[in-house]
Structure formats: structure tokens, C-alpha cells
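This report concerns only the one structure given below.
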Amino acid sequence: MESDIQARVSAYAIAVAGDRMLLTRLAESSPVFPPGLWHLPGGGIDPGEQPREALSRELYEETGLELLDARLVDARSYSAHRLGVNWHLVGLFYRVDLAPGSLAVTKADDSTSDVSWIPLSGLEESRLSPAVIDGLAMIGGPEPRT
């Protein structure tokens, strides 16, 4: 039934520095995508929150970095089933500029277990969330290895 579907709108950051992309690793508590996958920093937009504000908040919580600028690139929708919930997720993808800083997951016990700048040449499709694969395509990045 359609009433059994949870809707979620999220804002995601596409951050590339040189030949590396900023990615977060999903924890066991990840609501939509499976744990262990590398994912784009970002997350759900709270009721009444503006997408850019959510992006800034989520970036800090998941990476410890401050958002300087964000440009909306595209949007995608996903269907997923996780932890007994059927999801319809709409992701807003932003190309971002970040202030320099040290990486740290600042919000404990959340959906992110790790954060890292990953070499673009080292991205393997089986270790990436669908959002990362779409984000790479949006910026003309390399296709992940299969």
C-alpha cells in the first residue's frame, strides 16, 4: 500500500578536492541505504528547514567541515527498503565549497560512522551508495570500478 511508504527529502554535498571526493561511511543506524557503503555527506531536511541550511548542518555533523558555498546541481529519487520501512527518497545534490579543516564525525550515534577524502581512482561501485554513483555522473567524474 502507498500509505506504507515513508517520504524523505535529503540534501547531499558533492565535494571534490584535486583527485579526491569527500565521502561518509554509513553506520548500522543508516535509515535508507545499507551500512558500510560510502555515501555523500548530507541527509534529511527537517520540517521547516531550508535545504541549504540542512546541507550545512549535516555537513558539519558528518564531516566537521563548514559549508562556504553550495550550488544546486540536480535531483534524483530512490526507492529502498531498510529496517522494515519502505522509503521514497528525493535527494537534492549540491556542488559545494568547504572551509579547510580536520575531518571528524561530530554527531555521535548517528547514521555516519566515518568520513574520508577518497581518491576518485579508488572508487568501487559495490562499496558506494546509489547517491554517490549519481553524484559522480552529475559532475562528469570517473565511473567507479565494477
Nearest-0.05 FRET efficiency for Arg127 and Glu49, computed from C-beta distance (R0 22 Å): 0.15
Computed Kirkwood radius, in angstrom, where 1/r is averaged over Cα pairs of the chain: 15.2 Å
Okay, which of the stretch 23-61 sit inside 17 Å, backbone N to the point 7 Å along the Cα-Cβ direction of Ala108? 27-29, 61
With +1 on the Cβ of every Lys and Arg and -1 on the Cβ of every Asp and Glu, and nothing else charged, how large is the dipole of the chain about its Cα centre, in debye rounded to the nearest 20? 240 debye
For the chain, what is the accessible area per residue in Å² when the probe is 1.4 Å? 51 Å²
Between Ala75 and Ile5, what length in nm is gained on full extension when 0.36 nm per residue of separation is reduced by their alpha carbon distance? 23.2 nm
In the chain, what percent of the accessible surface is made up of carbon and sulfur (1.4 Å probe, ligands and nucleic acids excluded)? 49 percent
Starting with the highest mean, order 21-30, 63-72, 90-99, 46-55 by the number of other Cβ atoms within 10 Å, averaged over the residues of each peptide. 21-30, 90-99, 63-72, 46-55
Here the gain from full extension of Ala27 to Ser116, 0.36 nm per residue of separation minus their alpha-carbon distance, amounts to 30.6 nm
Report the paramagnetic label zone for Ala137: residues of the stretch 1-37 whose backbone N is under 16 Å from a point 7 Å from Cα along the Cα-to-Cβ axis. none
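The values are calculated or read from the model by the stated rules, or taken from the named source; none is laboratory data. Just so it is clear, the structure is predicted and the values come from calculations on it, not from any experiment. Quick reminder, even Gly has a Cβ in these numbers, built from the backbone with ideal geometry, and neighbours come from all protein chains shown. For accessibility, only protein heavy atoms count, side chains too; no ligands or nucleic acids. Shrake-Rupley method; radii C 1.70, N 1.55, O 1.52, S 1.80 Å.
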